[in-house]
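The values are calculated or read from the model by the stated rules, or taken from the named source; none is laboratory data. Worth saying up front: this structure is predicted, and the values here are computed from it rather than measured. Note that each Cβ is placed from the backbone with ideal geometry, even for glycine, and that neighbours are counted across all protein chains shown. The protein model used for the area step is the full one, side chains on, heavy atoms only, and it has no ligands, DNA or RNA in it. Shrake-Rupley method; radii C 1.70, N 1.55, O 1.52, S 1.80 Å.
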Amino acid sequence: MKHWMFCCKDVSQKFSESMDRKLPFHHRMFIRIHMLMCRYCSRFRSQLLLLRELSRSDKIAGMVQDFSIELSPQARERIKASLKA
């Protein structure tokens with residue numbers, strides 16, 4: 001990175017990475033500084049954390065619908081035909 005500061009695109013990418021692995025100290029500091037100044041990146045961070053929490057939550061397991069229902073042969077043929085067109 002040529003600049004001492006990350007842009008929003010870099011911050012969102014680095015924050016996503018930070019959920020999987022620990023970032024170097026200077027990256028974490030640049031992200032924090034950026035988030036103090038940028039409400040959009042702060043909102044993005046909050047949304048990612050919420051999605052992560054929900055995906056790990058047992059509460060959402062009860063909301064998942066049964067997707068094991070299969071399509072009828074006629075529906076399959078209609079889909080195949082529309083994909084060929």
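When residues in the range 3-15 are screened for being over 11 Å from Cys41 (Cα atoms) and open to solvent by 50 Å² or more (accessible area, probe 1.4 Å), 2 of them pass.
Filtered by the rule that a residue be over 13 Å from the mean Cα position of the chain (by Cα), modelled with pLDDT of 90 or more and of a type in the set (Lys, Arg), the range 44-79 gives a lone residue, Arg78. For Met5, indicate whether it is touching a Lys or Arg at 6+ places or on another chain (Cβ under 8 Å) and either at pLDDT 90 or above or not aromatic (Phe, Trp, Tyr) (or both). Against the criterion (touching a Lys or Arg at 6+ places or on another chain (Cβ under 8 Å) and either at pLDDT 90 or above or not aromatic (Phe, Trp, Tyr) (or both)), Met5 does not qualify.
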